[in-house]
Amino acid sequence: MKQMHVDMVNVHLFHDASNLESVEQSPSIYVGNRGRALRHTLQKLQDLGLPEAPLFIFGDFNFRIDLHDIVHDFLPSTEARPVKADDETTTAMEYYQAGEDTPALQLEKKRFVLRDCLTQDGLLAQWRKYDKESRSFPQLFEQHISFPPSYPFSEDEGVTQEYMKTRPPSWCDRVLYNAAGKELVQSSTADYFLLGDTAEMGDHKPVCLSVVSHPTSTSQPEKTAPQATTAEHANNNKNNNNSAGGADSAGSTIEPSAKRVWLCMSCFTACCD
């Protein structure tokens, strides 16, 4: 970015292999695996002795909601009944409300069926507090999340906004940054959003961070990007991605000398205008 040094690191951390393991304790064993991998990555970057610069770490962190706490908070009075195979191994867990014959929640290794499904807005409002994994890294920062979980969206043809009944919906895909990155983001016009809510994108929807860095030679008042829907972002991206001095994804005007950085993690791409 001309005079600006920016480091970008893409990661893809370990997934939750089994819902039955995830629900047993808080934090789950998988949280520990991901934490060790991310700490290892951060240590290796520090060992390189790179000059202090904005660092953006983006990709499929596979951060998952705390399934143990979700079950205990949302289904506090349920009876957990294991389903066992012939060899007595547990193949599923079913959670029943008192006096009911239909399970409120069914869990298998790769199956998550919640009887009372939440809408995307409901997930954002009620489940965000169970997205805890990034809190273990106080040296990393993130824009406020105002979009629904990025995984696991249906892969069926023509279905764009429904989740598969395989895993609890989670904010797996993220863009995090260090203190220098936070300073850059706070001094810029930034937007953090989910891309493709009306398009078939696979089980992960790309999460994008757009940062418009303004020239330091002129005084630039702080601006707040107006909110736009994901569909509007997609249209703006298509129209403006290759144009200089046009409108950014949030609809604000970009000065010809400003620099725009896009980090779209699920597609594992980063580019500068």
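Annotations
- Looking at region 126-208, the pairs of alpha carbons with a distance over 15 Å make up 61% of the total.
- Between the listed residues W127, I145, Y163, the Cα displaced farthest toward the positive end of the dipole of region 109-165, a dipole computed from Cβ unit charges relative to the Cα centre, is found at W127.
- Exceedance of the 29 Å cut-off in Cα-Cα distance is limited, within the set K44/K182; K44/K109; K129/K182, to K44/K109.
- Projected area, mean over directions - region 1-107, Cα convex hull, nm²: 10.0 nm²
- Accessible surface for D116 stands near 110 Å², nearest 10, in the context of the full protein assembly shown (1.4 Å probe).
- Each principal axis of the Cα atoms in region 69-192 has its own extent, and those three values, largest first, are 59, 36, 29 angstrom.
- Our coupling estimate for region 28-34, obtained by passing each phi through the Karplus curve with A = 6.51, B = -1.76, C = 1.60 and θ = phi - 60°, is 6, 4, 6, 4, x, 4, 5 Hz, Gly and Pro reported as x.
- Once the Cβ-Cβ distance of A85 and F14 is raised to the sixth power relative to R0 = 22 Å, the FRET efficiency obtained is 0.25.
- Shown are V185, V9, whose ranking by accessible area with a 1.4 Å probe and every protein chain present, most to least, is V9, V185.
- Largest accessible area first, the residues R39, R115, R128 order themselves as R39, R115, R128 under a 1.4 Å probe with ligands, DNA and RNA left out.
- Whole-number D in µm² s⁻¹ for region 102-141, Kirkwood Cα-pair radius fed into Stokes-Einstein, 10 °C, 1.306 mPa s: 126 µm²/s
- Net length available on complete extension from D203 to S26 is 61.2 nm, with 0.36 nm assigned per residue and the Cα-Cα distance removed.
The values are calculated or read from the model by the stated rules, or taken from the named source; none is laboratory data. The structure presented is a predicted model; accordingly, all values stated were derived computationally and were not measured. Neighbour counts are summed over all protein chains in view; Cβ atoms, including those assigned to glycine, are modelled from backbone coordinates with ideal geometry. With ligands, DNA and RNA removed, areas are computed over all heavy atoms of the protein, side chains included. Shrake-Rupley method; radii C 1.70, N 1.55, O 1.52, S 1.80 Å.
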